[in-house]
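This report concerns only the one structure given below.
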Amino acid sequence: MPVENSRIKGLYNLSVEERRKLVAKAADLTEEQVNALAAHGELDETAADRMIENVIGTMSLPVGVATNFVIDGKPYLIPFCLEESSVVAAASNMAKRCLQHGGFQTDNDQPLMIGQVQLLEVDDIEAAESRIVDSTDELVAFCNDVPSRMIALGGGCKNIEVRRLNTALGTMLIVHLIVDCRDAMGANAVNTMAERVAPKLEELSGGRAHLRILSNLAGHRLARVRAVFTPEEMASNGSAADGADVIDGILEAHAFAVEDPYRATTHNKGVMNAISSVALACGQDWRAVEAGCHAWTTMADGRYTSMSDWRKDSQGNLVGSMVLPMAVGIVGGASKVHPAARANLAILGVETAQELAGIMLCAGLAQNLGALRALSTKGIQAGHMKLHAKNMAVSAGAVGDEIEALASRLQAHEGHRTQSLVETWLEEMRQG
């Protein structure tokens, strides 16, 4: 069930248990879902042993909730799972700064994935291509002629595409199965179809089918997001003039990322800080999502560039947008096996895979803006170190009240903030 309001004042000041109770009430979580979060997201050994091989234990990461998001007119609390400080706070802060124009707007494609069959040793490429294209209806029907809940719900193979690929080993014929995966990520279904249809493609082409596997570059499964931020919302002091300066600084930083792959890599890492964190929290294949997003940036002209686009409109507002492939699912896989993933999906209250895809993209755009705004104003370390100070104190060996004392001193320190400095302060504190 979606939450009624994503604005939660003072959440940061509450204890972990208090936050959990508040979010559980807002999202109407079941007792089982609350317990899954309270158990630090740990799997029991039986469940873990079913997921991967040679299991010897499990490992926890923090789950935080980003607030203030309004997406397509609906409020969302968004779970992030990661170890890096400042990400959740930055995304929440930027989400609060685009409410004047209604928050984030999304537009997401149907959940179409690509299965690839590689055909080699094809003597007559042109004739083989024609025979396969002419047999599209027959091939689609064959792929769908299996008992499948996905197909029963309107999914399944929808089309066949053929590509010629010139390689160092000669011309290959690559066949794409376009498969509607409904609310699943779809890897197993697509791979099964690719393997099943391969012998028929061999007959039609006269060649040899080699690889038969899905592509994680989900170019038919794009998610799109757009958001408008006014100068007043972007300002540090609420003034339009200050906000206009902030917007100009953000556009200068963005232009750097567009043209320079060294900068674009770090810029896009900021985008994925959010997208991958939400994916991990919700039991998605975040490595597939990462690979697809990074590859997509090169599709226009083969040059690695910014995932996001930032512009200024005629009213002086900052307009952000992003288009990325987003292969996610809310049925099957870890999203159903892992109890914490199920709880996090319940916090979101999503009803379709497309809805989840749009939410993840909104989180990515917000986090990207948070990093750009910090970099182009006070610098990235100011906000990062504020939240990282406690981690440094704990790493130095601080316990109890020592943690807060060291963190406060570190935040107030105007010189270099190093781990050795914190360790020295802790030693001095304990010596009296």
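The values are calculated or read from the model by the stated rules, or taken from the named source; none is laboratory data. Bear in mind the structure is a predicted one, so any value in this text is a computation, not a measurement. Cβ: placed from backbone, ideal geometry, glycine included. Neighbour counts: every protein chain shown.
Count of the range 29-51 residues, restricted to those that are modelled with pLDDT under 90 and surrounded by fewer than 12 Cβ atoms within 10 Å (Cβ to Cβ), is 3. Answer yes if at least one residue in the range 337-359 is polar (S, T, N, Q), modelled with pLDDT of 90 or more and outside any helix (DSSP H, G or I), and no otherwise. Within the range 337-359, one or more residues are polar (S, T, N, Q), modelled with pLDDT of 90 or more and outside any helix (DSSP H, G or I). Within the range 356-368, the set of residues being touching a helix residue (DSSP H, G or I) at 6+ places or on another chain (Cβ under 9 Å) and under 15 Å from GLY283 (Cα atoms) comprises LEU356, ILE359, MET360.
In the set LEU201, LEU214, LEU222, which member is more than 21 Å from the chain's Cα centre (by Cα) and at pLDDT 95 or above? The unique qualifying residue is LEU201.
Of all residues in the range 296-321, those satisfying the criterion of being within 22 Å of HIS220 (Cα to Cα), at pLDDT 95 or above and either aliphatic (A, V, I, L, M) or not assigned by TED's automatic domain parsing to the domain that holds CYS362 (or both) are MET299, MET307. Residues that are of a type outside the set (D, E, K, R), out of contact with any strand residue (DSSP E or B) (no Cβ under 7 Å at 6 or more places or on another chain) and under 13 Å from ASN5 (Cβ atoms) within the range 22-40 comprise just one, LEU22. Among the residues making up the range 154-171, a single one is within 29 Å of the chain's Cα centre (by Cα) and surrounded by fewer than 13 Cβ atoms within 10 Å (Cβ to Cβ): GLY154. Can you tell me which residue is farthest from ASN5 (Cα to Cα) among those in the range 54-94 that are of a type in the set (S, T, N, Q) and touching a helix residue (DSSP H, G or I) at 6+ places or on another chain (Cβ under 7 Å)? Among those residues, the one meeting the criterion is THR58. For the range 317-329, give me each residue that is surrounded by fewer than 24 Cβ atoms within 10 Å (Cβ to Cβ) and farther than 15 Å from CYS362 by Cβ. If the condition is that a residue be surrounded by fewer than 24 Cβ atoms within 10 Å (Cβ to Cβ) and farther than 15 Å from CYS362 by Cβ, then ASN317 is the only one that fits. Taken across the range 215-223, residues that are surrounded by 16 or more Cβ atoms within 10 Å (Cβ to Cβ) and closer than 19 Å to ARG131 by Cβ do not occur at all. Considering (1) buried (at least 17 other Cβ atoms within 10 Å of the Cβ); (2) not in a helix (DSSP H, G or I); (3) not hydroxyl-bearing (Ser, Thr, Tyr), the lone condition that ASP301 does not fulfil carries the number (1).
Beta carbons closer than 7 Å, at least 6 apart along the sequence or on distinct chains, never pair a first residue in the range 34-52 that is under 19 Å from ASN344 (Cα atoms) and outside the structural domain of PRO62 (by TED's automatic domain parsing) with a second that is among the hydroxyl-bearing types (Ser, Thr, Tyr) and not in a loop (DSSP other than H, G, I, E, B).
Note on the range 153-270: enclosed helices (runs of 4 or more DSSP H) holding 3 or more residues that are farther than 29 Å from LEU356 by Cα are 187-205, 240-259. The one condition from (1) at pLDDT 85 or above; (2) in a helix (DSSP H, G or I) that GLY397 does not meet is (2). Picking from residues in the range 53-77 that are modelled with pLDDT of 90 or more and under 17 Å from ALA334 (Cα atoms), the one that is surrounded by the most Cβ atoms within 10 Å (Cβ to Cβ) is VAL63. The set of residues in the range 172-194 being surrounded by fewer than 20 Cβ atoms within 10 Å (Cβ to Cβ) and on the phi > 0 side of the Ramachandran plot is empty.
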